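*Asks:* Have a look at this one.
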Amino acid sequence: MIERTVIIVNKAGLHTRPAAAIVKTASRYKADFTIKKGVFEINGKSIIGVMTLAAEQGSSLLLVFSGPDEEQAAEAMVELFEQGFGEN
Amino acid sequence: MMDATLTQAEIIFKGIAAAPGIAVGPVYLYSKVVPEVNARAIAPDDVPAEIERLRNANARAEKELRKIHAFAEQKLGSTSATIFEAQIMILGDTILMGTIERRIADELQNAEFIVHDEISKYKHLMLAATDEYMHERAHDVDDVMNRIIRNIQDQKLISRLEGTSVIVSETLTPADTVIFSRNQVLGYATDLGGVTSHAALLSRSLKIPAVVGLRNATKQVKTGDSVAIDGYAGVLILNPSATTRENLEVKAARFRAFEEKLADIAGLPAETIDRKRVELSSNLEFPEEIEFAKVQGTEGVGLFRTESQLIGRPDYPSEDEQALVYTQIANAAYPHPVIFRTFDVGGDKLAPDTHHEENPFLGWRGIRVLLDRPEIFMNQLRAIIRASARRNVRVMFPMVATLEEVQKAKAYVRQAKEELRARGVPFDARIKIGVMIEIPGAAIMAEQLAAEVHFLSIGTNDLVQYMMAVDRGNDSVAALYQPFNPAVVRILHHIIEAAHRRHVWVGVCGEMGGDPLATVLLVGLGIDELSVVPPVLPEIKKIIRSIKYKDARRVADKVLGMTRERDIREYLSSIIKNKVPEIPLEV
């Protein structure tokens, strides 16, 4: 299991487009992917789940990966977050 | 007992004319149908069949949404169509659907019950958020949930809409409008919404009469009631009498005949008999509208309301996103000019960072917001200037009150140009700059403002509202909203003279510009440009082509000597009846 903390850097926060990008990236890997924000915990491979995360710019999320390709999954996901989902 | 049908009195609801035309027929009162969901136990043997029902329903729901998405993209543009894309993605959410299928098998309950239970969890999470944007998302989730459930229950979308009807609804979503338009819809009437709402825009392009902003019409009519919609005057009439129906028929026939006669005027210039040219352009809100405006014979875009870029999104669009849209419009209008008005947020218009003000119309809006938020302003200015490479782009600032605001805004334009030059981006170095005159203080200072810019454009809606101190939406004082008040006529005269003394041109982009009653007066006062909503372009052009500038000047002089609004209206109306009798006036 791998855990990574990320900060939302894009201005608009986690709206529909980034949510879709997260789910698409996650689904490329076998590893289970969970996003935690405070007491909330959602499956990162579910668009409706990611859409419920009200994460504005500057908020921090804990990403949890678990599975055979967890390292590659974590690397790809952290990069996606760091680049602000290609939005800024 | 009396026969109820004989005693039902005619009731008139006043709204806003959103799409022209007359419709008479039975009401279909549309409210979002929420499918009834009951828990039902199923046998273990029935699980595969139940899951099959769910999967089939999902497939049908997706098909529906793909159709709506395609239609919306074509009619409303890709930004508005994103709503449907997100809904399609939820249908394809394998985690969500996997959970639902597993629960059907484990809990042995019917598919719609589990769908409702599972998706409602997410909806409630969204509704619990403080963020307004999340509430909108909850709406979308609710919509997609009901779509799946309805399909599981194997119901057609509008099973109850039989025959031709007038749709009366609190509001219409783009999806509703799109779906209804494929049925036999005579007209739309809604409680909410304005001329620029998506439903209004869509009904105009579909040529379906519509009246919006009727406040509480849905509370007073029921399905099957007889109504008439007057899409010219903006009224809904419940139980129209035989006389009313007859009058509406006559009116509709007159408008149709007039529209046919006007069809060939589109290619002719807007000039008076004695060859005084007036530039006749369009007010647009969405890029898609320009095609219709061109068919109607527009000579350019006198006002593009860039606020439409903010609809349905939580943030301000990036420079690149904006540049794409602005360039598209500039290209579509070329060689005619397009005037982009920078974001006019605040007042009654939406602002992504909503904040409450006691008196929004006297508050933080227009150029005041932009000067306080240079980042947003600079992004937009660069985007507009990037669209100017073919030299048919102009930029205009809303809600200017002082000279200093114009000077500051111009400094930002200079800075934006320097940045683009450094980037090596091509643009029109002499892009023309203008200001809206809509605040009385700015109107009085018109000559000093004109000295700073290339053009002035009079926003009559706000100017009249501020001059008369009247909120036109407030029924108790709405009658004082008088575009033909002598004070308004005098200030218009002052602005036009002031602009001409400084050799800058001056236009009108408020509703008054498109009011046939005002055309002769405005031309006579010396207006250089009229920017109007596309449907009235031929009508206004017809008036301009039927008069002499010499006579119009005399009319204006006479009006300037009048002291009562009623006298002015009556006089102008007699001029139109005399000079252009075929114009159907709305007095």
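*Asks:* On the given criteria, is B:PHE71 within 14 Å of chain A (Cβ to nearest Cβ), assigned to a helix (DSSP H, G or I), modelled with pLDDT under 95 and surrounded by 20 or more Cβ atoms within 10 Å (Cβ to Cβ)?
*Replies:* The answer is no for B:PHE71.
*Asks:* Next up: Does B:GLU271 meet the test of being surrounded by fewer than 19 Cβ atoms within 10 Å (Cβ to Cβ), in the same structural domain as B:TYR334 (by TED's automatic domain parsing) and under 25 Å from the mean Cα position of the chain (by Cα)?
*Replies:* Against the criterion (surrounded by fewer than 19 Cβ atoms within 10 Å (Cβ to Cβ), in the same structural domain as B:TYR334 (by TED's automatic domain parsing) and under 25 Å from the mean Cα position of the chain (by Cα)), B:GLU271 does not qualify.
*Asks:* Return yes when B:ASP462 is outside any loop (DSSP other than H, G, I, E, B) and under 25 Å from B:ARG564 (Cβ atoms) and no when it is not.
*Replies:* Considered against the rule, which asks whether it is outside any loop (DSSP other than H, G, I, E, B) and under 25 Å from B:ARG564 (Cβ atoms), B:ASP462 comes out as yes.
*Asks:* Another question, then. Could you list all residues from region B:434-457 that are aliphatic (A, V, I, L, M) and crowded, with 17+ Cβ neighbours inside 10 Å?
*Replies:* B:VAL435, B:MET436, B:ILE437, B:ILE439, B:ALA442, B:ALA443, B:MET445, B:ALA446, B:LEU449, B:ALA450, B:VAL453, B:LEU456, listed by residue number.
*Asks:* When you look at B:LYS121, is it modelled with pLDDT of 90 or more and either within 22 Å of B:GLU36 (Cα to Cα) or not in a helix (DSSP H, G or I) (or both), yes or no?
*Replies:* It is true that B:LYS121 is modelled with pLDDT of 90 or more and either within 22 Å of B:GLU36 (Cα to Cα) or not in a helix (DSSP H, G or I) (or both).
*Asks:* State whether the residues of region B:283-297 include one that is at pLDDT 90 or above and surrounded by fewer than 19 Cβ atoms within 10 Å (Cβ to Cβ).
*Replies:* Looking for residues that are at pLDDT 90 or above and surrounded by fewer than 19 Cβ atoms within 10 Å (Cβ to Cβ), one finds none in region B:283-297, hence no.
*Asks:* Got a sec? Which of A:ALA20, A:ALA12, A:ALA55 is in a helix (DSSP H, G or I) and within 12 Å of another protein chain (Cβ to nearest Cβ)?
*Replies:* Residue meeting the stated conditions: A:ALA20.
*Asks:* Before we move on, is B:PRO486 surrounded by fewer than 16 Cβ atoms within 10 Å (Cβ to Cβ) and over 16 Å from B:VAL395 (Cβ atoms)?
*Replies:* No; evaluated as a whole, the condition is false for this residue.
*Asks:* Answer with yes or no whether B:ILE100 is at pLDDT 90 or above, in contact with a strand residue (DSSP E or B) (Cβ under 9 Å, 6 or more places away or on another chain), within 14 Å of chain A (Cβ to nearest Cβ) and closer than 23 Å to A:VAL50 by Cα.
*Replies:* In short, no.
*Asks:* Only one of these is in the same structural domain as B:ILE339 (by TED's automatic domain parsing), touching a helix residue (DSSP H, G or I) at 6+ places or on another chain (Cβ under 6 Å) and not hydroxyl-bearing (Ser, Thr, Tyr): B:VAL470, B:VAL477, B:VAL453. Name it.
*Replies:* None of the others qualify; the one that does is B:VAL470.
*Asks:* Give A:VAL23, A:VAL64, A:VAL6 a once-over and let me know the one that is among the aliphatic types (A, V, I, L, M), crowded, with 16+ Cβ neighbours inside 10 Å and more than 30 Å from B:ASP320 (Cβ to Cβ).
*Replies:* Exactly one of A:VAL23, A:VAL64, A:VAL6 is among the aliphatic types (A, V, I, L, M), crowded, with 16+ Cβ neighbours inside 10 Å and more than 30 Å from B:ASP320 (Cβ to Cβ), namely A:VAL64.
*Asks:* Could you check region B:535-587 and list, in sequence order, the residues that are of a type in the set (Asp, Glu), assigned by TED's automatic domain parsing to the domain that holds B:PHE484 and within 25 Å of B:ALA479 (Cβ to Cβ)?
*Replies:* Residues satisfying the conditions are B:GLU565, B:ASP567, B:GLU570.
*Asks:* Which residues, taken from region A:35-52, are surrounded by fewer than 20 Cβ atoms within 10 Å (Cβ to Cβ) and away from chain B (no Cβ under 11 Å)?
*Replies:* If the condition is that a residue be surrounded by fewer than 20 Cβ atoms within 10 Å (Cβ to Cβ) and away from chain B (no Cβ under 11 Å), then A:LYS36, A:LYS37, A:GLY38, A:VAL39, A:GLU41 are the ones that fit.
*Asks:* Give me a count of the residues in region B:422-453 that are in contact with a Ser or Thr (Cβ under 8 Å, 6 or more places away or on another chain), of a type outside the set (A, V, I, L, M, F, W, C) and not in a loop (DSSP other than H, G, I, E, B).
*Replies:* Of the residues in region B:422-453, 2 are in contact with a Ser or Thr (Cβ under 8 Å, 6 or more places away or on another chain), of a type outside the set (A, V, I, L, M, F, W, C) and not in a loop (DSSP other than H, G, I, E, B).
The values are calculated or read from the model by the stated rules, or taken from the named source; none is laboratory data. Please read these numbers as outputs of a predicted model, since none were measured by experiment. No Cβ is skipped: glycine too gets one built from the backbone with ideal geometry, and neighbour counts run over all protein chains shown.
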